[in-house]
Every structure is written in structure tokens, then in C-alpha cells.
Amino acid sequence: MSQERVLLIGYRSGVVKALRRLGVPFALWTQKRVSLREPALFECHTDIPALRKEIETVLEKFRNFGPYTHVLAGTEGAVYAASIARRFFDARKSRHSTVIKCHDKLFMKSHLKRHRVPMTAFMRFEKELPPREVLGKLGVPVVVKARTLSGSRGITYAQTEQAVASSGDRSHILEKFVNAPEASVESFVNGGKIQFTNTTQYLKKGHINLVPSHLPPAQVEQILHLNAQVIEALRIQWGITHLEVYLSDGGPLFGEIALRPPGGYIMELISKAYGFNAWEAFVAVELDRPFEFNALPKHYTAAHILHPGEGVVRSVARFEKAAGNEFAYKSRLKVKPGDTVAARAGVGEDIGFLLYAASGAASLREALVTENTLVDLN
């Protein structure tokens, strides 16, 4: 039996499976009840609060099932709570200030700006700030973002002075709109050193991710340099990072960074592309275990994430045809004809997916069906 004992905050099935395979016992704090083949040491199903005292009240329920050597955050909403839990249980600690900077976009960008990281212009939301001044500095539209949300949630666009004035409060940050393609970098870090990196290209943001990216080598080199600069500036010591960048004509611009596993089926694509289990790699760097990474890809992979918008499903024939493609190695559709699809609140929501793999980038691009929906609505 492993000497480690983990508290996992925020359910991710890949993390649970990796912990099981590695023989690491764990307790689980998740917002919704999940079905586990084998019970955890202890399970608590409740929302993850934003305030430290409220987090510690929930953590008390876990005390009798410890001691815990490590605390893992599976989701964005769990990152702050996991940092509190590491101190609460005296588990392997990361810098709390680093966690805050990776969780709050205003602190994140303010800190990195001082380290001369290239990024789009931004401002703290202030009610007293004249909207005309905001528009003068940031242009139109102004991007209004919730400081602690991710996955395109909590984002609005203000086109007028009146819209700027009523667009948010101190929990928001204002940014200049960037009309450029986007990409991301996933890094596994331990001992303050990057052990492995992957670049993901958003062929259609929120719908099609390519791993590894099909970007020119010189552009990839620029992105990786920016990624290393950010990780060093934030003094990240261990874990997995997900850094989003804008591919502007003048070079890559920092978007934001998260200190947790990415969504968009990127972990599954990394596993298929590089031939190692990305979830086990994540657990390894969190637990300070050695792990053998493969630097070069064995396949080019893609995730086609489906969401047709709001409506009632009329037909799924196009999805079924696409799922029969020789390069589609995994697929799932969560709806059937007659089901109602709600509006998409963020890119983390979908009604199904297709995962593709091919030996070359050109073969993969030819195989991809790039329509956003593949599901017909009434």
C-alpha cells in the first residue's frame, strides 16, 4: 500500500483512475455525487466555498480520515480550496501567493506585467472610473471578465459607455479585445523545472483542439519561451499548468494561466499523442514521484467538442457518420432525438465529442469534420 494519502478536491475521473492504478488511497470532496467503483476513504458532496473559514469548516469533516500527505485540485473551482487544505493538513505545500496569482486574473496580470510578460492591455474595474476613459484606453469592445472564473464563463463585451458602466464590479477585470487565433501550452512541472510541454492549437475555440499544434516551429518556440517566462515569474514549483495565448501578428500575447488539468479533452489527446498517461503524469508530479515522459509525439490528435446551441434535437445522423471515420478512435453523444439542449454557458459544457488520431498532421486535418454541431435541431 502506498505511503501517500490524498485529498482530491474537485472530481476528475482521470485523476481518480490514476490514483486507483497507482494504489494511492484518497478522500474526495466533490460538488455532486459521483459513482465510484470502489468507495473513497471519505466523500463529501457540497459546494466549494470561496471564503477560507467556510472551506476549513468543510475540511474538518475529512480530518478523521487522514493524515493527508498531498492535496490535489482537479478543477478550477478547487484550486484555492486545495491551497487552504494543504496548510490545514500540513500536506505538501505550494506557495499560496502563487496559487492566488494563478486563480485571480487581476493579480495574475498585474504580477506578470511587472515581469515584462507581453499581454493585452487591462484595467481593474472601478465604478469611479469614467467609461469614456476605459473606452479610450481599451477600445471597442471592452472585454469584461470575472476575475476567478474560467472556460469562457463570466465574460461579456461592452460596446458603449453605458454598457461599460453597468458591466461589472470589483470582481471583474477589463481587457482590450484581441482579434487573433488562440493556443495553449500544457506543462508538467516539478522541482521548479518544466518536465514536459505540449502546445495545443484551437482550430475553432470551444470546438476543435489540435494536439500537438500544427503551428510553425518558430512560432512554437516563441510560445514556449513565453510559457517558461511565466512559470519562472510565478515561481511555480510543481503541478500541471495550462497557459492560454493569443497568436497576434506581433508575437504571442499572454492570456491567462491555470494551475490545474485543462479541459477540452486535452489530457486525453496528450495521452494518445505522446503515448503516456497524462493523468498518471499529473498525479506523479503532484506526489513528487518520478515519471518517464515522451518528448516527441507518436500521433497527431484532435478533439471535436459538440454543442449546437439551444434547441430540441431533431437528428444525430451527421454525428453517427463522423464517428464512423477511420481516424475517430473515441466518440460519445450525450443526447438523442427529442432531447432539449440548453444554451452553452461555457466551453466546459458539451453534448458529446469525437477524438481523432492520425500518424501525420495533414491526414488528421483531412479527416476532421469541422462543423460546430454535427447535431440537427428543430
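When the criteria are applied in full, Ile194 fails the requirement of being touching a strand residue (DSSP E or B) at 6+ places or on another chain (Cβ under 8 Å), among the β-branched types (Val, Ile, Thr) and modelled with pLDDT under 95.
Of the strands (runs of 3 or more DSSP E) that lie entirely inside segment 136-189, those containing 3 or more residues that are in contact (Cβ under 8 Å) with a residue 12 or more places away in the chain and surrounded by 16 or more Cβ atoms within 10 Å (Cβ to Cβ) span 142-146, 172-176. Each residue in segment 73-101 was checked for being in contact with a strand residue (DSSP E or B) (Cβ under 8 Å, 6 or more places away or on another chain) and at pLDDT below 90, and 2 pass. Just so you know, in segment 140-187 the residues that are of a type in the set (A, V, I, L, M, F, W, C) and within 15 Å of the chain's Cα centre (by Cα) include one that is nearest to Lys105 (Cα to Cα), and it is Leu149. One residue alone among Ser2, Ser94, Ser35 is on the phi < 0 side of the Ramachandran plot, of a type outside the set (A, V, I, L, M), buried (at least 20 other Cβ atoms within 10 Å of the Cβ) and not in a helix (DSSP H, G or I), and that residue is Ser94.
Do we have Leu253 as of a type outside the set (D, E, K, R) and either in a strand (DSSP E or B) or surrounded by 24 or more Cβ atoms within 10 Å (Cβ to Cβ) (or both) here? It is true that Leu253 is of a type outside the set (D, E, K, R) and either in a strand (DSSP E or B) or surrounded by 24 or more Cβ atoms within 10 Å (Cβ to Cβ) (or both). Number of residues in segment 351-368 that are part of a loop (DSSP other than H, G, I, E, B) and either among the hydroxyl-bearing types (Ser, Thr, Tyr) or out of contact with any strand residue (DSSP E or B) (no Cβ under 7 Å at 6 or more places or on another chain) (or both) equals 1.
The values are calculated or read from the model by the stated rules, or taken from the named source; none is laboratory data. None of the values given here were measured: they were computed from a predicted structure. We place every Cβ from the backbone using ideal geometry, glycine too, and count neighbours over all the protein chains shown.
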